[in-house]
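One structure is given here, and the rest of the page talks about it.
The values are calculated or read from the model by the stated rules, or taken from the named source; none is laboratory data. Computed from a predicted model, the values in this text were never measured in an experiment. Every residue, glycine as well, gets a Cβ built from its backbone with ideal geometry; the counts of neighbours run over all protein chains shown.
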Amino acid sequence: MLEVSHLSKEYPSPGGALPILTDVSFKLSRGDAVAVMGPSGSGKSTLLYVLGALEPPTSGEVTLDGQNPFGLRAGELAAFRNSRVGFVFQDHCLLPQCSVIENVLTPTFVSKGGGEDAERRARTLLERVGLTGRLHHRPAELSGGEKQRVALARALVMKPLMLLCDEPTGNLDRDSAETVASLLLELHREQQTILVVVTHSPELAARFPTQFNLMGQRLQQA
């Protein structure tokens with residue numbers, strides 16, 4: 001379970017503390033999928049960064065599977081993120097010098113999840129996203145939609161409990177966006193992740209069983 005309790009996040013500014021998130025609380029279980037919408041600058045990405053343990057909250061608590069990642073040491077925190085959380089960003093963030101299969105395997109290089117099992121998982125995921133014929137291509141040889149499908153496979157290769165997506169279709173044309181959205185939801189159902197997606201797209205949000213709006217620093221169910 002993901003449990004968020006009275007989460008607040010502020011950033012320092014010349015005029016004093018700048019509140020971004022205020023008293024955010026919700027719970028999600030394995031298999032749940034939610035879309036978070038809100039205007040630009042409302043704190044959607046900040047919420048993802050805190051959920052994924054990339055940034056600490058100013059106050060409140062986040063626990064995943066009963067564990068508070070912000071109580072961990074630096075090395076333990078990195079291992080927690082690597083094994084428990086998958087990220088997909090608007091910009092695919094692929095390594096240009098690496099092939100498709102190497103990019104997908106990147107999270108396994110610093111964990112105990114490497115070896116032949118990891119390569120089998122990577123190949124299976126790339127087959128699921130329709131990229132079997134692109135294993136040894138570099139990112140520069142792929143379309144935008146193909147790059148994002150590689151990023152999705154990479155996010156899932158460690159079999160994370162939680163998958164966080166920041167505008168995963170934001171840079172894609174309509175057809176590619178629909179393909180990526182369908183694959184995202186299909187793989188989520190197969191792996192039974194906790195899925196949280198932030199998006200400006202009403203079309204993407206409408207495909208989720210639960211929708212939240214983030215406005216005025218507060219999260220409310222739509």
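Tabulated values for the structure
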read-out: Residue in region 99-140 that is farthest from Lys159 (Cα to Cα), counting only those that are surrounded by fewer than 18 Cβ atoms within 10 Å (Cβ to Cβ) and in contact with a Cys (Cβ under 9 Å, 6 or more places away or on another chain); value: Arg138
read-out: Contacts under 6 angstrom Cβ, first residue in region 5-16 being assigned to a strand (DSSP E or B), partner of a type in the set (Ser, Thr, Tyr), 6 or more apart; value: Ser5/Ser25; His6/Ser25; Ser8/Thr22; Ser8/Thr58; Ser8/Ser59; Lys9/Thr46; Lys9/Thr58; Glu10/Thr58
read-out: Test result for Leu164, under 22 Å from Arg81 (Cα atoms), in contact with a Lys or Arg (Cβ under 9 Å, 6 or more places away or on another chain) and either modelled with pLDDT under 95 or not polar (S, T, N, Q) (or both); value: no
read-out: Considering residues of region 26-56 that are in contact (Cβ under 8 Å) with a residue 40 or more places away in the chain and assigned to a strand (DSSP E or B) only, the residue surrounded by the fewest Cβ atoms within 10 Å (Cβ to Cβ); value: Phe26
read-out: Of all residues making up region 171-188, the number that are surrounded by fewer than 16 Cβ atoms within 10 Å (Cβ to Cβ) and either under 14 Å from the mean Cα position of the chain (by Cα) or more than 17 Å from Ala151 (Cα to Cα) (or both); value: 2
read-out: Residue check for Glu61: farther than 20 Å from Gln191 by Cα and assigned to a loop (DSSP other than H, G, I, E, B); value: no
read-out: Flag for Phe109 being closer than 28 Å to His137 by Cβ and either at pLDDT 95 or above or acidic (Asp, Glu) (or both); value: no
read-out: Members of region 189-204 that are surrounded by fewer than 21 Cβ atoms within 10 Å (Cβ to Cβ) and on the phi < 0 side of the Ramachandran plot; value: Arg189, Glu190, Gln191, His200, Ser201, Pro202, Glu203
read-out: Given (1) buried (at least 19 other Cβ atoms within 10 Å of the Cβ); (2) in contact with an Asp or Glu (Cβ under 6 Å, 6 or more places away or on another chain), number of the condition Gly86 does not satisfy; value: (2)
read-out: Residue pairs meeting the criteria (Cβ under 7 Å; at least 6 apart or on separate chains; first more than 18 Å from Thr132 (Cβ to Cβ), in region 81-108; second charged (D, E, K, R) and buried (at least 18 other Cβ atoms within 10 Å of the Cβ)); value: Phe89/Asp166; Gln90/Asp166; Gln90/Glu167; His92/Lys147; Thr106/Arg154; Pro107/Arg154
